[in-house]
1. What spacing in nm lies between the two simple spin-label points modelled at Phe54 and Phe24, each 7 Å away from Cα in the Cβ direction?
2. Take peptides 54-63, 11-20 and line them up by average Cβ neighbours within 10 Å, highest first, as a rough protection proxy.
Amino acid sequence: MAQVALPLRPLVRNLVEQATGNFFAAYYAGILAPVIVGLLVAAAVTLPVTCTAFAVLHDRLRAPRASPRSPGDTAARPTASDPRPSRPTAR
């Protein structure tokens, strides 16, 4: 991927040298430009796929949600997926 971005090298070198007047900074910026472009393109290609894969994995591994309760119901009712045993009520 960095070889595709090699034509950027002289362009970046000339722009940085004109902007700063520093030949050494321009030289190293020209060397690093194809590497940075390669990293950005690789991230742009892999990150959407990775985020989608993690979202699907999270959705499959998430515990099932409890059924919705009525608005007036304030007592917590145990559900079939609730592993806690019900407590006896005090008299």
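A short reminder: the numbers here are calculations on the coordinates, not readings from a lab. Because the structure is a prediction, the values reported are computed rather than measured. Note that each Cβ is placed from the backbone with ideal geometry, even for glycine, and that neighbours are counted across all protein chains shown.
1. It works out to 4.0 nm between the two label points.
2. Values: 54-63: 8.5, 11-20: 14.4.
Top of the packing list down: 11-20, 54-63.
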